[in-house]
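Where a number appears in this text, it was derived from the coordinates with a stated rule and is not lab data. The structure presented is a predicted model; accordingly, all values stated were derived computationally and were not measured. FYI the Cβ positions are ideal-geometry reconstructions off the backbone, even for glycines, and counts take in every protein chain you see.
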Amino acid sequence: MAVPEEPFSPSVLGTREHWDAAYDRELQTFQDIGDAGEIWFGEESMTRIIRWLEKQKIPLDSPVLDIGTGNGVLLIELAKYGFMNLTGIDYSPSAIQLSEKIREKEGMSNIKLKVEDFLAPSAELSGFEICIDKGTFDAISLNPDNAEAKRKQYVRSLCSVLKPEGFFLITSCNWTKEELLNEFREGFEVLEELPTPKFCFGGRIGNSVTALVFQRKKGRPSILDR
């Protein structure tokens, strides 16, 4: 029986060692010159998320989780907009150290930051009404060690931390809309595709980035029973 191919080739971008080293460098740069580092998917990706939350009239005290927060800049922008119940997690201690220093510089002491592996979330990581992912699912998909199992665990973790009928906003540069619909088919339904920058190559127009909003279904998804 043929073994199905993984959608992507394994990459160091899917390893904790890579991100620890990357955030070690960004932490040093911040300490040296005050540069917060790269904003994944650019400023427009944060604006897109905030506009959607605004359009939906999401209460500003809603518990929000930023999965793989990195430098925490998205949380800073959400706090500036007025959101008050913000949590960011990252499995890289250096990323959390960096986000803590940026939080301190911006005077946003109410943002909670924790070193957490989303594939093995702690018990207190639960009850969120909004979960946001900008690139973390992408990185997990590139892990050299059984990425398919890790993607399934990601969905299980998401079901455990997000309230029923809560919203999940994902931004990806690796997955198409159709592929993401398949990855999150158990326990979630898609609500909306958010507009992202278009590119043109060889006369064909496409998207380099996919941004979707899912809603967690009521009830216990079967994937949690496996």
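Distance in nm between label sites at residue 80 and residue 122, each 7 Å beyond Cα in the beta-carbon direction?
For the pair residue 80/residue 122, the computed spacing is 2.9 nm.
Multiply the residue separation of residue 149 and residue 56 by 0.36 nm, subtract the distance between their alpha-carbon atoms, and state the gained length in nm to one decimal.
Contour length minus Cα-Cα distance gives 30.1 nm.
May I have the convex hull volume per residue, in Å³, for the Cα set of the stretch 81-202?
161 Å³
Return an integer: the convex hull volume of the alpha-carbon atoms of the stretch 38-95, in Å³ per residue.
76 Å³
Taking the stretch 112-166, which GluC sites (Glu not before Pro) meet the DSSP loop condition and have no more than 11 other C-beta atoms within 10 Å?
Sparse-neighbourhood loop GluC sites (Glu not before Pro): 124.
In whole Å, largest first, what are the principal axis extents of the Cα atoms in the stretch 147-195?
That works out to 28, 27, 15 Å along the principal axes.
Residues in the stretch 66-80, backbone N under 20 Å from the label point at residue 115 (7 Å along the Cα-to-beta-carbon vector): list them, ranges by number please.
66-73
Counting only Cα atoms, I'd like the Rg/Rh figure for the stretch 108-179, Kirkwood definition for Rh.
The Rg/Rh ratio comes out at 0.97.
Which lysines, if any, have their Cα less than 24 Å from the Cα of residue 177, not counting same-chain residues under 8 positions apart?
Within the straight-line limit of under 24 Å, residue 177 reaches these lysines: 55, 134, 150, 152, 163, 198, 217, 218.
Taking 7 Å along the Cα-to-C-beta vector as the label spot, tell me the residue 105-residue 177 distance in nanometres, rounded to one decimal.
Modelled inter-label distance: 3.7 nm.
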